Amino acid sequence: MLYVSKRIRFSASHRLHNPLLGADENRRLFGECNHIHGHGHNYEVEVLVKGQPDSTTGMVMNLRELKEVLDREVLARADYSCLDAPEGLLGGRISTTENVAIAVWEAVAPHLPVGALHLVRVHESENNIVEYTGPDAI
Ligand code: NI
């Protein structure tokens, strides 16, 4: 099996906050990330696709096509956005890095060949990284 990846970067603001919890509980859970004015990150997202090289092209997937999907489905919706916007990429989910990874998967997978998407890796910062292998993975 071959794994091919594309990396994109976007900048976005967010605030970790669960409206179902009170102010004190939110502060206890999320600490500084619950600050009322929010804060921003330069996110780095890696998307890995898997497969065998096509006999004609020699490619698992044309990275130009993958880039077009990522530009349209992720960057256009997330770059210079507030990730907490209900109409945004996360659709109102709490803007943890876990949920960013899930949202990227859900945005990208339908536009790739079935089963091609292998992993979404999101770097929220240099040291905070989340990997998601999809809803069907064990
Ligand atoms: Ni943050």
Say we look at segment 32-48 and pick out the residues that are near the ligand (Cβ under 9 Å from one of its atoms) and closer than 14 Å to GLU124 by Cα; which of these is surrounded by the most Cβ atoms within 10 Å (Cβ to Cβ)? HIS41
Being more than 14 Å from the ligand (Cβ to nearest atom) and buried (at least 16 other Cβ atoms within 10 Å of the Cβ): is that true of ARG72 here? no
Based on this model, can you work out whether HIS14 counts as modelled with pLDDT of 95 or more, within 16 Å of the ligand (Cβ to nearest atom) and either within 14 Å of the chain's Cα centre (by Cα) or under 21 Å from VAL120 (Cα atoms) (or both)? yes
Candidate set: segment 72-83, residues that are within 13 Å of the chain's Cα centre (by Cα) and in contact (Cβ under 8 Å) with a residue 40 or more places away in the chain; chosen: the one nearest to SER11 (Cα to Cα): ASP79
Hey, can you tell me all the residues within segment 1-35 that are touching a residue at least 60 places away in the same chain (Cβ under 8 Å) and either over 28 Å from VAL74 (Cα atoms) or charged (D, E, K, R) (or both)? LYS6, ARG15
Note on segment 98-124: residues in contact with a helix residue (DSSP H, G or I) (Cβ under 9 Å, 6 or more places away or on another chain), open to solvent by 30 Å² or more (accessible area, probe 1.4 Å) and of a type outside the set (D, E, K, R) are PRO110, HIS111, HIS123
Pick out, from segment 1-115, the helices (runs of 4 or more DSSP H) lying fully within it that include 2 or more residues that are over 25 Å from THR133 (Cβ atoms). 23-30
Please work out which residue is nearest to the ligand (Cβ to nearest atom), limiting yourself to segment 49-68 and to residues that are more than 24 Å from TYR80 (Cβ to Cβ), open to solvent by less than 50 Å² (accessible area, probe 1.4 Å) and among the aliphatic types (A, V, I, L, M). VAL49
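The values are calculated or read from the model by the stated rules, or taken from the named source; none is laboratory data. Please read these numbers as outputs of a predicted model, since none were measured by experiment. Cβ sites come from the backbone with ideal geometry, for glycine too, and all protein chains shown count toward neighbours. In case anyone asks, the SASA skips ligands and DNA or RNA and just uses the protein heavy atoms, side chains included. Shrake-Rupley method; radii C 1.70, N 1.55, O 1.52, S 1.80 Å.
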